[in-house]
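**Student:** This is the structure I want to talk about, given as structure tokens.
The values are calculated or read from the model by the stated rules, or taken from the named source; none is laboratory data. Since we're looking at a predicted model, the values are computed, not measured. All Cβ positions, glycine included, derive from the backbone under ideal geometry; neighbour counts span all protein chains shown. Each accessible area value is taken on the protein alone, full model and side chains, heavy atoms only, with ligands, DNA and RNA left out. Shrake-Rupley method; radii C 1.70, N 1.55, O 1.52, S 1.80 Å.
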Amino acid sequence: MESLGVLLVAPMNAYLEQELDRRCRLFRLWESPADRRDEFLRAHAASIRAVVPYAPHGVDAAMIDALPSLEIVSSFSVGIDRVDLAACRARGIRVTNTPDVLTDDVADLAVGLAIAALRKIPQADRYVRAGLWKSKGDFTLTTRFSGKRVGIIGLGRIGLAVAKRVEAFDCPVNYYQRTKQEHPSYTYYPSVVELAASSDVLVVACPLNEHTRHIVNREVMEALGPKGVLINIGRGPHVDEAAMVAALIDGRLGGAGLDVFEDEPNVPEALFGMDNVVLVPHVGSATHETRTAMADLVLGNLEAHVAGKPLLTQVV
Ligand code: NAP
């Protein structure tokens with residue numbers, strides 16, 4: 001792969017960067033000042049045959065246009081909502097992602113957020129640290145997670161892993177997606193509103209595209225209701241964030257556990273003072289084990305491309 005020119009669009013993983021540097025000809029986009037990126041791309045356009053983006057830093061049509069030698073986009077993420085797939089298809093550029101290896105971590109986090117939100121684990125931790133246990137006595141009562149009805153939007157790899165986990169907590173599993181699956185113990189609902197109305201905890205686990213942007217809107221949140229908890233481990237724009245903040249303030253939505261936000265890393269400050277929400281900074285797949293496995297998949301796809309072998313995880 002020594003001759004393969006690879007553009008890394010942002011720093012994302014030290015091991016991946018080190019291996020790309022060792023095995024290929026690596027270009028780091030962030031080393032060029034933001035206002036001179038076009039110049040940087042023009043200068044290296046003939047050499048760059050591969051681009052490695054990741055969730056927040058994608059590959060748009062302008063970048064694809066600027067890179068006439070581009071052959072493959074190998075994303076360091078399973079979600080490829082920030083890759084212009086139509087532009088890639090039009091140019092015959094191949095696209096790969098990193099499915100499966102991150103499924104368990106993201107599902108673990110979804111369950112962790114649900115338990116943390118209902119049992120107020122971060123708030124209880126802050127209570128102890130602030131010395132309030134000693135000065136004020138017992139912490140407030142919270143709400144049980146075991147046995148709650150869990151609704152999943154998108155019963156794919158991550159959605160199914162969430163379902164499997166919450167079954168162990170005796171939670172009935174409901175789901176919505178475009179295709180009804182034959183699952184003996186999971187109940188299908190034909191719309192997100194009906195799913196929300198029949199769930200105590202609603203988990204977003206579908207891909208982001210023009211059909212799923214704001215799939216959780218005001219109507220869905222009101223169907224979930226004043227005792228319902230929304231868990232988003234999908235993408236921020238799945239949820240109408242302004243409507244969510246308003247519903248949480250008015251008590252029309254009970255609580256939320258959020259890994260992703262509409263305009264990361266900007267999080268609505270109105271959420272900071274709420275003790276019915278748990279906020280984490282897009283860390284669904286952020287474990288040493290998973291990020292190394294994701295890096296190996298990116299490298300494996302690039303190697304397969306250069307060797308003319310079938311790609312490991314091809315999307316386009
Ligand atoms: P997947 O296996 O492809 O599953 C996606 C599921 O969503 C499928 O069951 C699909 O079923 C459903 N779906 C697709 N379009 C839909 C629509 N319009 N309405 C409702 N459901 C729809 O994907 P995955 O590996 O589980 O990943 C899911 C998403 O999680 C990724 O795309 C990514 O955005 C997000 N993610 C987040 C993190 C994080 O760090 N927070 C990490 C990894 C992934 P149908 O086709 O039948 O509709």
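**Student:** Which condition breaks for residue 52 when tested against (1) crowded, with 21+ Cβ neighbours inside 10 Å; (2) over 13 Å from the mean Cα position of the chain (by Cα); (3) within 16 Å of the ligand (Cβ to nearest atom)?
**Tutor:** Checking residue 52 against (1) crowded, with 21+ Cβ neighbours inside 10 Å; (2) over 13 Å from the mean Cα position of the chain (by Cα); (3) within 16 Å of the ligand (Cβ to nearest atom), the one that fails is (3).
**Student:** So residue 60 passes all but one of these: (1) surrounded by 19 or more Cβ atoms within 10 Å (Cβ to Cβ); (2) away from the ligand (no atom under 11 Å from the Cβ); (3) acidic (Asp, Glu). Which condition number does it fail?
**Tutor:** (1)
**Student:** Taking the options 216, 229, 201, name whichever one is open to solvent by less than 70 Å² (accessible area, probe 1.4 Å), more than 13 Å from the ligand (Cβ to nearest atom) and touching an Asp or Glu at 6+ places or on another chain (Cβ under 8 Å). Break it down stepwise before answering.
**Tutor:** Details: 216 fails: more than 13 Å from the ligand (Cβ to nearest atom); 201 fails: touching an Asp or Glu at 6+ places or on another chain (Cβ under 8 Å).
Step by step, each of 216, 229, 201 is checked, and only 229 is open to solvent by less than 70 Å² (accessible area, probe 1.4 Å), more than 13 Å from the ligand (Cβ to nearest atom) and touching an Asp or Glu at 6+ places or on another chain (Cβ under 8 Å).
**Student:** Looking at segment 156-183, I want the residues that are touching a residue at least 60 places away in the same chain (Cβ under 8 Å) and have a partner that is assigned to a loop (DSSP other than H, G, I, E, B) and more than 8 Å from the ligand (Cβ to nearest atom) with Cβ atoms under 7 Å, at least 6 apart or on another chain. Which pairs are those?
**Tutor:** Close Cβ pairs (under 7 Å, with a partner that is assigned to a loop (DSSP other than H, G, I, E, B) and more than 8 Å from the ligand (Cβ to nearest atom)) do not exist here.
**Student:** May I ask you to list the residues in segment 158-190 that are within 10 Å of the ligand (Cβ to nearest atom) and part of a loop (DSSP other than H, G, I, E, B)? It would help to see each step written out before you state the result.
**Tutor:** We begin by selecting, within segment 158-190, every residue within 10 Å of the ligand (Cβ to nearest atom); these are 158-162, 175-181.
Within segment 158-190, 177, 178, 179, 180, 181 meet the criteria.
**Student:** Starting from residues that are within 15 Å of the ligand (Cβ to nearest atom) and out of contact with any His (no Cβ under 7 Å at 6 or more places or on another chain), keep the ones in segment 242-263 and report whichever is farthest from residue 114 (Cα to Cα).
**Tutor:** Residues of segment 242-263 that are within 15 Å of the ligand (Cβ to nearest atom), as a first pass: 256-262.
Next, from what is left, pick out any that are out of contact with any His (no Cβ under 7 Å at 6 or more places or on another chain): 256-258, 261-262.
Details: 256: 8, 257: 6, 258: 9, 261: 17, 262: 20 Å.
The qualifying residue farthest from residue 114 (Cα to Cα) is 262.
**Student:** So, one more: Which residues, taken from segment 301-316, are open to solvent by 60 Å² or more (accessible area, probe 1.4 Å) and either without any contact (Cβ under 8 Å) to a residue 40 or more places away in the chain or part of a helix (DSSP H, G or I) (or both)?
**Tutor:** 303, 306, 307, 308, 309, 310
**Student:** Identify all residues within segment 17-38 that are open to solvent by less than 90 Å² (accessible area, probe 1.4 Å) and either in contact (Cβ under 8 Å) with a residue 40 or more places away in the chain or part of a helix (DSSP H, G or I) (or both); write none if there are none. Explain how you work it out, then say what you get.
**Tutor:** Applying the first criterion (open to solvent by less than 90 Å² (accessible area, probe 1.4 Å)) to segment 17-38 yields 17, 19-21, 23-24, 26-30, 32-34, 37.
Across segment 17-38, the qualifying residues are 17, 19, 20, 21, 23, 24, 29, 30, 34, 37.
**Student:** Take segment 32-60 and flag every residue that is out of contact with any helix residue (DSSP H, G or I) (no Cβ under 8 Å at 6 or more places or on another chain) and over 27 Å from residue 106 (Cα atoms).
**Tutor:** 33, 34, 35, 36, 39, 43, 44, 46, 47, 49, listed by residue number.
**Student:** Considering each residue of segment 84-98, count those that are under 23 Å from residue 13 (Cα atoms) and open to solvent by 10 Å² or more (accessible area, probe 1.4 Å), and give that number.
**Tutor:** The first filter runs over segment 84-98 and keeps only residues under 23 Å from residue 13 (Cα atoms), leaving 84, 94-98.
Restricting the remaining residues to those that are open to solvent by 10 Å² or more (accessible area, probe 1.4 Å) gives 84, 94, 97.
Number satisfying all stated conditions: 3.
**Student:** Okay, next question. In the list 245, 283, 298, which residue meets the criterion of being in contact (Cβ under 8 Å) with a residue 40 or more places away in the chain, surrounded by fewer than 24 Cβ atoms within 10 Å (Cβ to Cβ) and not in a strand (DSSP E or B)?
**Tutor:** On the way: 245 fails: in contact (Cβ under 8 Å) with a residue 40 or more places away in the chain; 298 fails: surrounded by fewer than 24 Cβ atoms within 10 Å (Cβ to Cβ).
Just a single option satisfies the conditions, and that option is 283.
**Student:** Let me ask you something else. Pick out, from segment 82-148, the helices (runs of 4 or more DSSP H) lying fully within it that include 2 or more residues that are in the same structural domain as residue 210 (by TED's automatic domain parsing). Walk me through it before giving the result.
**Tutor:** Values: elements: 85-91, 103-119, 121-129, 132-136.
Here the list reads 103-119, 121-129, 132-136.
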